[in-house]
Amino acid sequence: MKIAPSLLASDFNSLCDEIQSVSCADLLHLDVMDGIFVPNISFGLPVISSIRKKSDMLFDVHLMITEPERYLSEFAAAGADYITVHQESTERAAECLKTIRSLGKKAGLSVKPLTPVQEIFPLLPLCDLVLVMTVEPGFGGQKLIPDCLEKVRLLADRKKETGLSFLIEADGGIGGENLSYAASFGLEAAVMGSALFRFAPERRAEEIHKLQAIG
Ligand code: DX5
Ligand code: ZN
């Protein structure tokens with residue numbers, strides 16, 4: 001299982017140390033919120049370009065912003081490796097995915113809990129990553145909605161049928177207690193915020209290694 005610690009749950013007073021404490025993980029998940037697509041505001045371009053100078057991790061940027069097509073090249077320039085947009089945030093998801101790839105980055109598409117995953121099936125050939133929201137986006141520390149995992153299974157089946165190679169990632173309410181369960185649906189990567197950052201910084205690497213061994 002690939003583990004993607006979500007910086008949203010870290011202590012923003014010491015971002016560099018916080019990132020260092022999870023640097024053995026596979027991806028660093030960066031939640032960008034605009035206060036419109038979701039009812040919360042987090043951080044954006046200046047923070048990402050600034051931490052890019054201090055970290056070699058793969059940056060998994062999750063854009064919870066309306067009309068993300070307005071900012072794709074800026075997030076690419078800021079140092080994103082994966083850029084994920086929401087199906088519900090734009091009329092032009094296909095165009096977004098193509099643009100992200102043309103910028104030399106990995107393209108991700110996310111679905112909120114109430115969006116049927118079948119809606120994005122036609123776009124899967126354009127995706128390097130699919131992010132299944134397992135909570136309503138906007139806040140860390142919520143409880144996983146188990147029904148959303150069915151979408152992971154549908155995506156895993158579709159991936160087998162088509163031979164496509166997108167990564168299946170889930171986001172929200174995932175922790176050590178439900179990761180094996182999520183893995184049984186075919187999950188390949190798990191975003192983890194509060195479940196990871198609640199450990200003291202010196203304990204996190206050991207936890208990540210345990211979680212990576214699951215699935
Ligand atoms: C929620 C964010 C998540 C969040 C996950 O909108 O997309 O990435 O940080 O946090 P936990 O793991 O605490 O649910
Ligand atoms: Zn996220």
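Bridges between two residues of the chain, per DSSP, are antiparallel at a rate of about 5%.
Annotation: amide H of Ile65 within the under-5 Å range of His86, sequence separation 5 or more or interchain, hydrogens built in the peptide plane. Summing Lys and Arg as +1 and Asp and Glu as -1 over all other residues whose Cβ lies under 13 Å from the Cβ of Pro201 gives a net charge of -3. Between Leu63, Leu179, Leu30, the residue with the greatest mean-square fluctuation in the GNM of the chain (Cα pairs under 10 Å linked by springs) is Leu179. Each Lys or Arg adds one and each Asp or Glu subtracts one; over the other residues with Cβ under 12 Å from the Cβ of Tyr82, this totals -1.
Taking the centroid of alpha carbons for each part, the stretch 18-68 and the stretch 145-215 are 18 Å apart. Calculated mean residue ellipticity, 222 nm, the chain: -8000 deg cm²/dmol, from DSSP H runs (n ≥ 4) at -39500 (n - 2.57) each, averaged per residue and rounded to 500.
Which listed residue (Tyr71, Leu30, Met57) has the Cα farthest towards the positive end of the charge dipole for the stretch 29-73, taking +1 on Lys and Arg C-beta and -1 on Asp and Glu C-beta about the Cα centre? Positive-most Cα among the choices belongs to Met57.
Partner lysines whose Cα lies under 26 Å from the Cα of Lys151, excluding those fewer than 8 positions away in the same chain, are identified as Lys2, Lys98, Lys105, Lys106, Lys112, Lys143, Lys159, Lys160, Lys210. For the stretch 92-188, the dipole from Cβ point charges (+1 on Lys and Arg, -1 on Asp and Glu) about the Cα centre works out to 340 debye, to the nearest 20. Shape index of the stretch 36-107: Rg/Rh, with Rg the Cα radius of gyration and Rh the Kirkwood radius from the inverse mean 1/r over Cα pairs, equals 0.95. Between the residues Pro113, Ser165, Ala94, the greatest Cα displacement towards the positive end of the dipole of the stretch 66-200, with unit charges on the Cβ of Lys, Arg, Asp and Glu, is found for Ser165. Answer with one residue from Phe197, Asn13, Leu179: the one whose Cα lies farthest towards the positive end of the charge dipole of the chain, charges on Cβ with Lys, Arg +1 and Asp, Glu -1. Sorting the options by dipole projection puts first Leu179. Would you mind working out the magnitude of the charge dipole of the chain relative to its Cα centre, with +1 at each Lys and Arg C-beta and -1 at each Asp and Glu C-beta, to the nearest 20 Debye? So the magnitude is around 320 debye. One way to sum up the overall shape of the chain is the equivalent ellipsoid from its Cα gyration tensor, whose semi-axes run 23, 21, 15 Å, largest first.
A short reminder: the numbers here are calculations on the coordinates, not readings from a lab. Computed from a prediction, not measured in an experiment: that's the story for all the values here. Please note: Cβ atoms are built from the backbone with ideal geometry, for glycine as well, and neighbour counts cover all protein chains shown.
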